[in-house]
Amino acid sequence: MNRAPHATAAIAAGAVAGLAWATSMRGMMAQLAGDASAFHWFATFGFILVPGTAMGALFGWAFARRAAGEHRGAVLLALTPFMMAADPSTIPLLGAFVGAGFLFSGRSRRWVRLLAGIPSLLLLIAVPIGAAFFTDVTDPRGASLVLQLGSLILVPAIAEIALQRPRHEAPREPERASADRATATGV
């Protein structure tokens, strides 16, 4: 079976989702900063929109490979959020996405996952709480911004959790299972 069309569709869908995520993140950042926010071709596209699109495309590719049962290079694809590292100030948050995925992955010893994952979760929770100090959360606009930031932060974290979870063995194909039964019964 040719998996290339499925991978292409997954990459395209991931790219569109990544662009939607990045534009939402940029719009939320502009609202949170208020009049101090400025859009520039290089900063907006080079640091946010293009890397966000690339991140989404890589997530799509990673999920297509996972669905196809390809495990080679999975560790590198788990580092997909670092596509957004064009702005070095985002690196702790990007690491928190990967750390959250590792925490729930079931891979490695529990204490190692907790050591990496708990700080990641704390950072993912602290960012929207910290944003609440810069806006009036008693106002619908301010509350909406904090909720938007919190949900936008959860999107790559949830993608990482899904990507890093161990894949359970797929159910056997019916014709293969019946052939195995026939062999076992001597038919």
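What follows draws every value from the coordinates through simple rules; no lab data is involved. The structure presented is a predicted model; accordingly, all values stated were derived computationally and were not measured. All Cβ positions, even for glycine, are placed from backbone atoms using ideal geometry, and neighbour counts span all protein chains on display.
The table that follows gives values for the structure above.
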read-out: Rounded tilt (10° steps) of 4-33 against the dominant C-alpha axis of the chain; value: 20
read-out: Between 0 and 90°, nearest 10: helix 50-67 axis offset from the chain longest Cα axis; value: 20
read-out: Segment Ser24-Ile91, length gained on full extension (0.36 nm per residue, minus Cα span); value: 22.2 nm
read-out: Pairwise label distance in nanometres, Ile125 with Trp41, each label 7 Å out on the Cα-Cβ vector; value: 4.5
read-out: Whole-Hz ³J(HN,Hα) from phi, Karplus 6.51 cos²θ - 1.76 cosθ + 1.60, for the stretch 144-150, glycine and proline x; value: 5, 5, 5, 5, 5, 4, x
read-out: Efficiency of FRET from Cβ geometry, Ile118 and Ser144, R₀ 35 Å, rounded to 0.05; value: 0.75
read-out: Equivalent ellipsoid dimensions for the stretch 4-185 as semi-axes, Å, which come from the Cα gyration tensor, largest first; value: 37, 20, 14
read-out: Ranked packing of 24-30, 49-55, most packed first, by mean Cβ within 10 Å; value: 49-55, 24-30
read-out: For the chain: relative contact order, % (alpha-carbon pairs under 8 angstrom, 6 or more apart); value: 22
read-out: Contour minus Cα-Cα distance for Val16 and Gln31 (0.36 nm per residue); value: 3.1 nm
